[in-house]
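Here, each number is a calculation from the coordinates, and none is a lab measurement. All figures in this text were calculated on a predicted structure; none of them were measured in a lab. Here Cβ is always computed from backbone atoms with ideal geometry, including for glycine, and neighbour counts include all displayed protein chains.
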Amino acid sequence: MVLWQWLQRVTAETVATAAGFQPSWRYVLTVLLLPTIIGLLLAGVLGLVEKIAGRRLNGGSL
Amino acid sequence: MVELPLASYWHRFLQVGGPGLPEPVAGWFYLLQPGGELQISLWALAGVGLLVGLLTGFFGLGGSFLLTPWLNLLFGVPYNVAVGTDLTQMIGTATLAGVRQGGRGYIDYRLGLLLFSGSIIGIEVGARILRGLTLAGSWHWGSWHLPVVQAAMTVVYGLLLGWIGSLIWREARTVAAGAAPATAPGGLAAGVSHRLRTLQLRPFIALPTSGVEAISLWVIILVGFGSGLLTGLLGVSGSFIRMPALIYVLGVPTVVSLGTNLFELFLTSCYGALSHGLKGNVELTLVAVLLLTTIVGSHLGGGLRRYHRPRLQQAFAGLIFLTLLLMVGALSRGW
């Protein structure tokens, strides 16, 4: 919930300017880091699930 | 219902100069207010993300080329934001695939970086075309108005979906008839592949990791440019162009092409996300929800692959054609 509100705020900040859309460094950094961190976390979770299940899970290529 | 700040900003922008919406527009899973505020159903978004992931895991393809038009059609997200968001979540997919692939497969870093040099140009050209279409405003007829970007992207995506849908349909029909699906390109594609592979245009370079003795540098850059253009303009990974090109045009062994494609996917999605982010096309909350749900869905779908049948693949092609029809139908509604 905290992360959600933070993401909403960072995005809203970029369009709350008189000049229209103005990307802040926080927004640009989040664009690059957010999916990377989620990808790494999910890799860890899936690895853990595989260890418990004792078999490899297959996903498709998105 | 949650509001999307960036998508709302672009809706306001696209309504400038027009009569504006006289009353709220309720779409499949969204509500567009007269002032341009776009509210979407979070549960529906999670459900669609899960479904896209499920289809991708089950059929082995379908993630981004369905997600972008569905974001526009079902949630009213302007195409520029749908493309930028879809591309950004691909960083997470590439990261996950890279970590899980680990030491398996080989990466030709030299080839990957050369491809990337062409992809950067392609992505930037694609992203700028999309920006140009977005800034071109809207067409107005009385109280009806249609953004130029909406019309143009419906045509481009319509062609892409029509092509992919027909390929899937034909392959399912071939398998249902008991024949093996084609593994190498034939007809025009085979001719083009051969011409590119034997192109005598200096400088030539060797790719020792891939076992390629000499190939024109321009061919590699062209392949990178082509897939990058699709990535920047449509938000798709470009793998469906890059993988056959690596194998049949450049002559890269399949095991190396898999790793190199993943390496290239990570680089292009990072650059594409940066480029689209700087242009205001990435809705961060959408990225978080879609990335989580599509990845979970793709692993659920992967577990169901043993139930794969040609009939289901034909139904998948039907879903793609249905999306195409709904997109064309939505054009007449305007915004």
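By the helix-only formula, in which each DSSP H run with n ≥ 4 contributes -39500 (n - 2.57) and the sum is divided by residues, chain A has a 222 nm mean residue ellipticity of -24000 deg cm²/dmol.
Using the Cα coordinates of chain B, the gyration tensor eigenvalues translate into equivalent-ellipsoid semi-axes of 35, 23, 19 Å, sorted from longest to shortest.
Place a +1 charge on the Cβ of each Lys and Arg in segment B:96-231 and a -1 charge on the Cβ of each Asp and Glu, then give the dipole magnitude about the Cα centre in debye, rounded to the nearest 20. Before the final figure, lay out each step's value.
Numbers: 10 positive and 4 negative charges, 16 e Å.
So the magnitude is around 80 debye.
Between the Cα long axis of helix A:25-53 and the first principal axis of chain A there is an angle of about 10°, rounded to the nearest 10.
Fewest neighbouring Cβ atoms within 10 Å first, the residues A:MET1, B:MET90, B:MET153, B:MET1 line up as A:MET1, B:MET1, B:MET153, B:MET90.
In peptide A:10-19, what is the residue-averaged number of other protein chain Cβ atoms found within 10 Å of each Cβ? All intermediate terms of the calculation are to be shown ahead of the outcome.
Working: counts 3, 11, 6, 1, 7, 9, 2, 0, 0, 0.
What the average comes to for A:10-19 is 4.
The C-alpha atoms of chain B define a longest principal axis, and helix B:42-59 lies at about 20 degrees to it.
May I ask which residue of B:CYS270, B:ALA245, B:GLY318 lies farthest towards the positive end of the charge dipole of segment B:219-335, with charges of +1 (Lys, Arg) and -1 (Asp, Glu) on Cβ and the Cα centre as origin? Ranked along the dipole, the leading option is B:GLY318. Taking each residue as 0.36 nm, the span from B:LEU331 to B:GLU213 lengthens on full extension beyond its C-alpha to C-alpha distance by 37.4 nm. Given R0 = 30 Å, the distance between the Cβ atoms of B:VAL125 and A:GLN5 translates into a calculated FRET efficiency of 0.25.
Quickly estimate the mean residue ellipticity at 222 nm for chain B, helices only: each DSSP H run with n ≥ 4 gives -39500 (n - 2.57), and the total goes over all residues, rounded to 500.
Working: 12 runs with 225 residues, N = 335.
Value at 222 nm, helices only, nearest 500: -23000 deg cm²/dmol.
Counting only the Cα atoms, the protein assembly as shown fills a convex hull of 148 Å³ per residue. Scanning residues 5 or more positions from B:ASP108 or on other chains, those with amide H under 5 Å from its amide H are B:THR260, with H placed 1.01 Å from N in the peptide plane. Relative contact order of segment B:76-178: 25 percent, from C-alpha pairs under 8 Å at least 6 residues apart in sequence. The alpha carbon centroids of segment B:1-79 and segment B:248-269 are separated by 32 Å. Residues whose amide H falls under 5 Å from that of B:SER138, counting only those 5 or more places apart or on a different chain, are B:VAL148, with hydrogens built in the peptide plane. When +1 charges are put on Lys and Arg Cβ atoms and -1 charges on Asp and Glu Cβ atoms, the dipole computed for chain B relative to its Cα centre reaches about 780 debye.
Each of B:PHE204 and B:GLN101 was given a label point 7 Å from its Cα along the Cα-to-Cβ line. The distance between the two points is 2.9 nm.
With R₀ set to 25 Å, the beta-carbon distance separating A:ILE52 from B:ALA44 gives a calculated FRET efficiency near 0.20.
Peptide B:276-285 shows a mean partner chain C-beta count of 6 within 10 Å per residue C-beta.
Among B:LEU135, A:LEU7, sorting on how many other beta-carbon atoms sit within 10 Å of each Cβ, with the fewest leading, yields B:LEU135, A:LEU7.
Residue exposure proxy: B:LYS279, A:LYS51, ordered by other Cβ atoms within 10 angstrom of their Cβ from fewest to most, comes out as A:LYS51, B:LYS279.
Between helix B:284-303 and chain B there is an angle of about 50 degrees, using the helix long axis and the longest principal axis of the Cα atoms.
Shielding by partners for peptide B:293-299, expressed as the average number of C-beta atoms from other protein chains within 10 Å of each residue's C-beta, is 5.
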